[in-house]
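To start, the structure under review is shown below, and the notes come after it.
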Amino acid sequence: MFKTILVPIDLHLEASWRKALPVAIEQARMAGGTVHVMTVAPEIDPNLRVTDRNYCAWLEEVVGRYRTDDVPVQTSIKHGSVHRQIRRAAHEVGADLILLASHNPRASDYLLGSNAAHVVTHSRCSVLVVRE
């Protein structure tokens with residue numbers, strides 16, 4: 001059973017959380033665990049790491065749709081390379097599982113690799129990819 005689950009989401013892409021968050025919450029419920037939801041936000045000023053405050057509220061609003069009283073859910077916002085920040089967040093929270101959504105790959109993903117592919121390939125913990 002996975003007790004600490006990291007769910008990376010893209011706030012601009014509902015498909016990144018629509019199926020992934022309910023699956024993560026159910027997994028955490030069965031294990032008596034915690035869900036950590038993170039996103040990588042665009043920076044207004046990269047040198048100062050300033051993020052639009054509305055982005056924080058947006059993350060809380062999305063996560064609030066899925067919160068339950070019996071599963072603790074924490075949120076965080078990171079900056080930088082998406083796949084690197086996902087792996088860093090997994091390490092920081094001690095994740096047993098990274099649960100993320102993945103779209104159907106485009107031709108460019110086969111050449112460059114998607115964030116999901118990087119996470120699956122380089123993560124130290126288990127990764128579950130939920131398809132749309």
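Read the figures in this text as sums done on the coordinates, not as results from a lab. Just so we're clear, the structure is a prediction, and the values are computed from it rather than from any experiment. Positions of Cβ are generated from backbone atoms using ideal geometry, with glycine treated the same way; all protein chains shown enter the neighbour counts.
Placing R0 at 22 angstrom, the Cβ-Cβ distance between Thr68 and Thr121 gives a FRET efficiency of 0.10 after rounding to 0.05.
Once the other residues with Cβ under 14 Å from the Cβ of Glu92 are scored (Lys, Arg +1; Asp, Glu -1), what is the net sum?
Values: positive: Lys78, Arg84, Arg87, Arg88, Arg124; negative: Asp96.
Counting the neighbours of Glu92, the net charge comes to +4.
With a 10 Å Cβ neighbour count serving as the proxy for reagent exposure, in which order, fewest first, do Leu97, Leu128 appear? Intermediate values should be presented prior to the final figure.
Details: Leu97 24, Leu128 16.
Ranking Leu97, Leu128 by Cβ neighbours within 10 Å, fewest first, gives Leu128, Leu97.
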